[in-house]
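Engineer: This is the structure I want to talk about, given as structure tokens.
The values are calculated or read from the model by the stated rules, or taken from the named source; none is laboratory data. Quick caveat: nothing in here was measured; it's all calculated off a predicted structure. All Cβ positions, even for glycine, are placed from backbone atoms using ideal geometry, and neighbour counts span all protein chains on display.
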Amino acid sequence: MARIGRLVVAATGSALLAFLGGFIVFAGSITHDAPRTVEHADGIVVLTGGPFRLSAAARLLAAGLGSRLLISGVNHMTTREDLFRSSGLTHALFDCCVDIGYSAHDTSGNADEAKEWVDAHGFARLIVVTSSYHMPRSLTELGRALPQVALTPYPVVPRTFRAERWWMHAGSIRLLFTEYLKFLPSAARFGVARLLRQWDSHALAGGRPAEARSI
């Protein structure tokens, strides 16, 4: 019994260290600014919920780095005119090339909303704009919904993270830890979806029909 107890303690300690180590890696990754150069994509998706996300996405659209912009997860109280004023775009560009999604209420919903938009336009490459701390979860959810679409992250780094001293701010630590806890199940779902797709591919290659699944 004593040996079993030591094994349990060791396993618990290892799991805790892995959890904390993962959090440190996760937190360290969110201080990186958006790349200075961005390759052209078919479309741009911005996930609402944080400051400066829309203006960053609008600049990419204005620079011609995508043909259309989807603003996903917009509050039903927010009008198209409100978004136009916040974007800084010209009327002509906003009217021709900006789509607004009101159906998403969380990151998984953003992915579903983006999938409908991508399918409607036949896009194969997307630039994803959201806050840096939200980017890992956004990419896993979008990657699960759009496995055949190339995703280019364009993170918006909050000012409190730019000095790379987030650990000195209780609010930043709380925000990052909460986001990390949300990221873990998203990553698990992404991993399961990827394994199931691989199993389906092997089944089809072996001449066996693959069962339909949904995650």
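Engineer: Are there any pairs, at least 6 apart or on different chains, whose C-beta atoms fall under 6 Å, with the first in region 1-25 and more than 22 Å from Glu179 (Cα to Cα) and surrounded by 10 or more Cβ atoms within 10 Å (Cβ to Cβ) and the second of a type in the set (Ser, Thr, Tyr) and at pLDDT 70 or above, and if so, which?
Structural biologist: none
Engineer: If you don't mind, another one. Could you say whether any residue in region 68-76 is free of Cβ contacts under 8 Å to residues at least 24 places away in the same chain and either in a strand (DSSP E or B) or farther than 24 Å from Tyr133 by Cβ (or both)? Give the steps one after another, and end with the answer.
Structural biologist: Initially, region 68-76 is screened for residues free of Cβ contacts under 8 Å to residues at least 24 places away in the same chain, giving none.
Within region 68-76 (the criterion being free of Cβ contacts under 8 Å to residues at least 24 places away in the same chain and either in a strand (DSSP E or B) or farther than 24 Å from Tyr133 by Cβ (or both)), the answer is no, since none of the residues qualifies.
Engineer: Could you please find all residues in region 145-184 being modelled with pLDDT of 90 or more and closer than 23 Å to Val38 by Cβ?
Structural biologist: Once the filter is applied, which keeps residues that are modelled with pLDDT of 90 or more and closer than 23 Å to Val38 by Cβ, region 145-184 yields Ala145, Leu146, Pro147, Gln148, Val149, Ala150, Leu151, Thr152, Pro153, Tyr154, Pro155, Val156.
Engineer: Could you say whether any residue in region 83-104 is touching a residue at least 60 places away in the same chain (Cβ under 8 Å), out of contact with any Asp or Glu (no Cβ under 7 Å at 6 or more places or on another chain), surrounded by 16 or more Cβ atoms within 10 Å (Cβ to Cβ) and more than 23 Å from Pro158 (Cβ to Cβ)?
Structural biologist: So in region 83-104, the residues touching a residue at least 60 places away in the same chain (Cβ under 8 Å) come out as none.
No; the residues of region 83-104 include none that is touching a residue at least 60 places away in the same chain (Cβ under 8 Å), out of contact with any Asp or Glu (no Cβ under 7 Å at 6 or more places or on another chain), surrounded by 16 or more Cβ atoms within 10 Å (Cβ to Cβ) and more than 23 Å from Pro158 (Cβ to Cβ).
Engineer: Also, quick follow-up: Taking region 115-137 only, how many residues are surrounded by 15 or more Cβ atoms within 10 Å (Cβ to Cβ), in a helix (DSSP H, G or I) and touching a residue at least 40 places away in the same chain (Cβ under 8 Å)?
Structural biologist: Looking only at that region, the number is 8.
Engineer: Could I ask something else about it? With Ala34, Ala57 as the choices, which residue is surrounded by 11 or more Cβ atoms within 10 Å (Cβ to Cβ), assigned to a loop (DSSP other than H, G, I, E, B) and among the small types (Gly, Ala, Ser)?
Structural biologist: Values: Ala57 fails: assigned to a loop (DSSP other than H, G, I, E, B).
None of the others qualify; the one that does is Ala34.
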